[in-house]
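Here is the structure we will look at.
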Amino acid sequence: MKELDIEYIINNVPSNTITIDKSILESITGRNIYHTICILDSICKKINEKIKYDLDKRLEEFNITNKNNNLEEIFENREQIELSKFYEGLPKSTSVSIQYLIDKKIKL
């Protein structure tokens, strides 16, 4: 997993909670459920970091343009609000890490 693929996340990762049989996850990793969860945890942390980096990079554009504007325009920036709503609507990183594991997008 080199880069975060937002299109993949939007199209393939369920935004609601689903139940997955633990034996499926164990068979993919070849380890018991404890080790599988540890693997998913480390993947989840990396995904969180990448999402945060991506969001910060996009929000930085607004900070540069807002330095010269007055305070009223900062709070009414619709593009920034829409961007924040988009990232809030993404599936949780735990769901993304499980889907990456199921789709074998992660080298173990």
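The values are calculated or read from the model by the stated rules, or taken from the named source; none is laboratory data. As the structure is a computational prediction, the values presented were derived from the model and not from experiment. All Cβ positions, even for glycine, are placed from backbone atoms using ideal geometry, and neighbour counts span all protein chains on display. Areas reflect the complete protein model, heavy atoms only, side chains present, ligands, DNA and RNA absent. Shrake-Rupley method; radii C 1.70, N 1.55, O 1.52, S 1.80 Å.
Structure notes:
- Net length gained if the chain between ASP41 and TYR8 were fully extended (0.36 nm per residue, minus Cα distance): 9.9 nm
- Dimensions in Å of the chain - Rg and Dmax from alpha carbons: 17.6, 57
- GLU88 contributes an accessible area of around 140 Å² to the protein surface, as traced by a 1.4 Å probe with all chains present.
- For region 1-44, a crude dipole built from +1 on the beta carbon of Lys and Arg and -1 on the beta carbon of Asp and Glu, taken about the Cα centre, is about 160 debye to the nearest 20.
- Gained length - LEU108 relative to TYR34, 0.36 nm times residue gap less alpha-carbon distance: 25.1 nm
- Ignoring lysines fewer than eight residues from LYS92 along the same chain, the ones with Cα atoms less than 30 angstrom from its Cα are LYS2, LYS22, LYS45, LYS46, LYS50, LYS52, LYS57, LYS104, LYS105, LYS107.
- Formal net charge of residues neighbouring ASN12 (Cβ-Cβ distance under 12 Å; K, R +1; D, E -1): -2
- Neighbours of LYS45, meaning other residues whose beta-carbon lies under 13 angstrom from its beta-carbon, give a summed charge of +2 when Lys and Arg score +1 and Asp and Glu score -1.
- Working from Cα pairs under 8 Å separated by at least six residues, relative contact order for the chain is 51 percent.
- Think of it as helices only: each DSSP H run of n ≥ 4 in the chain is worth -39500 (n - 2.57), and spread over all residues that comes to -22000 deg cm²/dmol at 222 nm.
- Length released on extending from SER15 to GLU49, taking residue separation times 0.36 nm less the Cα-Cα span: 10.3 nm
- Accessible surface of region 1-46, 1.4 Å probe, proportion on carbon and sulfur as whole %: 51
- Residue list for region 90-108, given a label point 7 angstrom along the Cα-to-Cβ vector of SER27 and an amide N cut-off under 17 Å: 99, 101-105
- Of the trypsin sites (Lys or Arg not before Pro) found in region 31-63, those that fall in a DSSP loop while having at most 16 other beta-carbon atoms within 10 Å are ARG31.
- With the charge dipole of the chain set up from +1 on Lys and Arg Cβ and -1 on Asp and Glu Cβ about the Cα centre, the Cα lying farthest toward the positive end among the listed residues LEU83, LEU4, LEU101 is that of LEU101.
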